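Before any comments, here is the structure.
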Amino acid sequence: MAADRMDVPDLPDFSILKRLARDQLIYILEQLPGKKDLFIEPDLMSPLDRIANVSILKQHEVDKLYKLDNKPIYSNSDQLCFLIRPRIKHVKYITSLVNADKASGRSRKYKIIFSPQKFYTCDMILEQEGIFGDVTCDEWSFYLLPLDDDIISMELPEFYRDYFLEGDQRWIGTVAKALHLLNSIFGPISKAYGIGRCSKMAYEVWKDMLEDEDGDHRERKPDLGVVFMIDRDVDYVTPLCSQVVYEGLVDDVFRIKCGSVEFGPDVTSSDKSIKVLLNSQDKVFEEIRNEHFSNVFGFLSQKARNLQSHYDKRRGMDIKQMKTFVSQELKGLKQEHRLLSLHIGACESIMKKKTKQDFQELLKTEHSLLEGIDIRESIGSIEEHINRQVSPIESLRLLCLMSITENGLITKDYRLLKTQYLQSYGPEHLLTFFNLKRAGLLTEQVPGETLTAVESKVSKLVTDKAAGKITDAFSSLAKKSHFRGISKRLGLIPRIDGEYDLKTPKDMAYIFSGAYIPLSCKIIEQVLLRKSWVGLEDVTRLLNGSEFAEQMSDQNTNSDSQRIILAVFLGGCTFSEISALRFLGKERGYKFIFLTTSITNSARMLESMTETKS
């Protein structure tokens, strides 16, 4: 791992974001005085738990807590409060409850708290159902949840599907408000870079907000210097690759939710499941989270030996020394021992599950696809994966990875693999294929379609025979993968002699066993190095442009804040990308803060595209 540079600035304290969110929620709850029952949408339960736990809610006259699901409610309270995302299905459910109460002659007070904001359609439904005047509405502007010292999530997993599949732009204003909040507390930010249509729109809305406010806070010393915004569809390859850093693997295997993970009996070696908060407070996890999985066992066994030697110190102690040991060290050692045994159990569980999946074969196929070699062999591996019905999501992941690295599948392969997939996993996945095609994740090559206008002009100037040859040449040009072109220009596939050194890596490729440097992270590195997009025109053209670089304020460009980079991922960010940028930060003297609409991985991304639950 790269050694920490001594001049790296300290991170700002983001715990204030939690306090702001908690205070605002308490204020909203107190607008409904007296005892009330609170119904919480399932997706908001984990974020709420990180902000205000049950005891805090009880202090503010919340009597009973319920999970909001589409069932009749049995509450005796005269005041019902609903905490929901602005989703049509939830608003319709609440209207049905209110109308049922009205029909039975029951009189209660109702309050709907929308988080992070209310949309016009919500009011429209309340009006259509005839209960607009029966409920009071409020907005809990809960945009930012700090998951760790350097990770802030908006906890909007639906952002990806809404924007990148449906083209729904309603969350863009929400992103702008989140950036505006960060800017007002920790800013002013001096420089903004970005790439992607969504990033550009969110930046423009944010810029308008900045222009509309007074400039008092712009004079103070900033904590954040530079913001870099990137759309998820700029780089689909990275989230589709298998994660092999420890935190990424834990997310793939156990699903990290809102910064915590539930380890089952196979990890805890008991009958119970344990919920563990995974952040920098867990000292064992902090040291292994960014490590390649092959290094983790060695580290944990060394840690266990060190722990044992600390315990062994007790031998030969007199009473006074033993008393000091018990009061000062023992509690910490027990806590470390508990965490160590959990992470060892998690590693063993990951090894078992990944061995079952023929993980090494899977990685070999992925690496071949990334390098563009042995494509026929890779197709054979994917066919075998589909026909063995290993996992519908895993099979889709490999299909999408091949499609993006090859700039679409040739018609014969596309139809064959699609047919096999539908026969293996069910015809209900037909809609999923439509969604993947629409999002650009799994496409069929149409030879020369981008050059038909040029071909038609050429054909008027030359003979039919010559035109045919030129059309063939154009077809082969059109099939050339954008990923290949970008990969070549940015050097995404490291050329190394011998084995890649995973213990002391030289670049960000270690997060994929030395096979590939994540495109998103490489773009960020190059732009920060050049302090502009100059020299990257070929790359931005292949990525469909929409890049921007703008000076936002005239703060001192030599201050520490200029080396604190806010990396904003619209559509989700993976733990692999976070590990790669942490590595880059250590090498270059930057500190990265990650703001993402949600934490994602290949499974979450593809599940959001499926029309049937796998």
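The values are calculated or read from the model by the stated rules, or taken from the named source; none is laboratory data. None of these values were measured; they are calculated from a predicted model. No Cβ is skipped: glycine too gets one built from the backbone with ideal geometry, and neighbour counts run over all protein chains shown. Ligands, DNA and RNA are stripped out before the accessible areas are found, and what is left, the full protein with its side chains, is counted by its heavy atoms. Shrake-Rupley method; radii C 1.70, N 1.55, O 1.52, S 1.80 Å.
Which ones in the stretch 518-535 are open to solvent by 10 Å² or more (accessible area, probe 1.4 Å) and of a type outside the set (Lys, Arg)? Of everything in the stretch 518-535, those that are open to solvent by 10 Å² or more (accessible area, probe 1.4 Å) and of a type outside the set (Lys, Arg) turn out to be Glu525, Gln526, Leu528, Leu529, Ser532, Trp533, Val534, Gly535. If you go through the stretch 231-272 and keep only what is in a strand (DSSP E or B) and open to solvent by 10 Å² or more (accessible area, probe 1.4 Å), you end up with Lys257, Ser260, Glu262. Residues in the stretch 405-429 that are under 20 Å from Asp374 (Cβ atoms) and part of a helix (DSSP H, G or I): Thr405, Lys412, Asp413, Tyr414, Leu416, Leu417, Gln420.
In this structure, is Asp138 closer than 23 Å to Asn435 by Cβ and over 17 Å from the mean Cα position of the chain (by Cα)? In short, no. Residues that are free of Cβ contacts under 8 Å to residues at least 12 places away in the same chain and out of contact with any Lys or Arg (no Cβ under 8 Å at 6 or more places or on another chain) do occur in the stretch 59-67, at least one of them. Those strands (runs of 3 or more DSSP E) of the stretch 116-201 in which at least 2 residues are of a type in the set (D, E, K, R), considering only elements entirely within it, cover 135-139. Being at pLDDT below 90, crowded, with 20+ Cβ neighbours inside 10 Å and either over 23 Å from the mean Cα position of the chain (by Cα) or more than 23 Å from Trp171 (Cα to Cα) (or both) holds for only one residue in Gln555, Gln562, and it is Gln555.
Any chance the stretch 357-370 includes a residue that's within 28 Å of the chain's Cα centre (by Cα), modelled with pLDDT of 90 or more and more than 26 Å from Val244 (Cβ to Cβ)? Within the stretch 357-370 (the criterion being within 28 Å of the chain's Cα centre (by Cα), modelled with pLDDT of 90 or more and more than 26 Å from Val244 (Cβ to Cβ)), the answer is no, since none of the residues qualifies. Of the residues making up the stretch 527-542, at least one is free of Cβ contacts under 8 Å to residues at least 12 places away in the same chain, β-branched (Val, Ile, Thr) and farther than 14 Å from Phe228 by Cβ. The sole residue among Asn544, Asn601 that is surrounded by fewer than 19 Cβ atoms within 10 Å (Cβ to Cβ), of a type outside the set (A, V, I, L, M) and under 18 Å from Val234 (Cβ atoms) is Asn544.
Just wondering, is there one or more residues in the stretch 533-551 that are under 30 Å from Val244 (Cβ atoms) and under 14 Å from the mean Cα position of the chain (by Cα)? Among the residues of the stretch 533-551, not one is under 30 Å from Val244 (Cβ atoms) and under 14 Å from the mean Cα position of the chain (by Cα), which makes the answer no. All conditions but one from (1) over 30 Å from Leu543 (Cβ atoms); (2) crowded, with 17+ Cβ neighbours inside 10 Å; (3) at pLDDT 90 or above; (4) over 17 Å from the mean Cα position of the chain (by Cα) apply to Asp223; the one that does not is (3). Considering the stretch 1-104, the qualifying helices (runs of 4 or more DSSP H), each wholly inside and each with 1 or more residues that are among the β-branched types (Val, Ile, Thr), open to solvent by less than 20 Å² (accessible area, probe 1.4 Å) and within 23 Å of Ile125 (Cβ to Cβ), run over 15-30, 88-103. Take the conditions open to solvent by less than 70 Å² (accessible area, probe 1.4 Å) and modelled with pLDDT of 90 or more and apply them to Tyr500. Does it pass? Considered against the rule, which asks whether it is open to solvent by less than 70 Å² (accessible area, probe 1.4 Å) and modelled with pLDDT of 90 or more, Tyr500 comes out as no.
Taking the criterion of being without any contact (Cβ under 8 Å) to a residue 60 or more places away in the chain and open to solvent by less than 10 Å² (accessible area, probe 1.4 Å), the only residue of the stretch 188-214 that qualifies is Trp206. Against the conditions (1) of a type in the set (A, V, I, L, M, F, W, C); (2) under 18 Å from the mean Cα position of the chain (by Cα); (3) modelled with pLDDT under 90, Leu278 satisfies every one except (3).
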